[in-house]
Amino acid sequence: RRVREQMQFWEEAPRGAASGNLRAWAGLAAAAAAELSQDEIIRSWAIWSTAHVLCSASPDGSLPQEMTRGRLALHYQLYALAPLVTSVLLLERQGIAMAEQCDGALQRAVHFALSDLETGAQSEAITGHVQSFFDGSAKLGKHQLAWLEPYLRLTSDPLAEKIAAPHRPLSFSKL
């Protein structure tokens, strides 16, 4: 029932919200519910919602809705990747190939975030703000990288492995 309510809500949500991290989290809930219930309508909506957010990725991999968040843009890019990556893995396990959607948007979004963890320069160039991880107001937590585990189940990625290794074990209660 709750997933069906989410399905209706997100189709009527304002444009920005409908393509941001909260939509991605709703898509993850739908992907999980579809796997448990074998409900094809919910699965189809999970596919649509995951693709909708993934396909919003810019050519450089930044997620436009998350880049509207000023000094927190990189933080929100990482936050959006958690449900996106996990949904893609759940849907792939259900026989739906999602990892290569929209010209490899998932890998682009992942690589944008991972390569920006060193200095935040890419997000700063887009937003005009020094990112919270680099202005002294926030520290990167292991939970913000927990999505690397499902990502590494989808693909062999040396950059992702290099970043994940020193932070293990990685976990995030929302996942």
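Structure notes:
- Residue that is surrounded by the most Cβ atoms within 10 Å (Cβ to Cβ), among those in segment 60-92 that are not in a helix (DSSP H, G or I) and not charged (D, E, K, R): Leu63
- Screening Ile42 with (1) buried (at least 21 other Cβ atoms within 10 Å of the Cβ); (2) free of Cβ contacts under 8 Å to residues at least 40 places away in the same chain; (3) under 15 Å from the mean Cα position of the chain (by Cα) gives one miss only, at (3).
- Flag for Ala164 being open to solvent by less than 80 Å² (accessible area, probe 1.4 Å), more than 15 Å from the chain's Cα centre (by Cα), in contact (Cβ under 8 Å) with a residue 12 or more places away in the chain and farther than 23 Å from Ala97 by Cα: yes
- Which listed residue, of Ala51, Ala97, Ala57, is of a type outside the set (Val, Ile, Thr), farther than 22 Å from Phe172 by Cα and surrounded by 21 or more Cβ atoms within 10 Å (Cβ to Cβ): Ala57
- For segment 100-126, a residue qualifies if it is touching a residue at least 40 places away in the same chain (Cβ under 8 Å), open to solvent by 30 Å² or more (accessible area, probe 1.4 Å) and among the hydroxyl-bearing types (Ser, Thr, Tyr), and exactly one does: Ser115.
- Residues within segment 14-38 that are of a type in the set (Gly, Ala, Ser), open to solvent by 40 Å² or more (accessible area, probe 1.4 Å) and modelled with pLDDT under 95, tallied: 1
The values are calculated or read from the model by the stated rules, or taken from the named source; none is laboratory data. Treat the numbers as computed from the prediction; the structure is a model and nothing was measured. No Cβ is skipped: glycine too gets one built from the backbone with ideal geometry, and neighbour counts run over all protein chains shown. Protein only, heavy atoms only, side chains kept; ligands, DNA and RNA dropped before computing areas. Shrake-Rupley method; radii C 1.70, N 1.55, O 1.52, S 1.80 Å.
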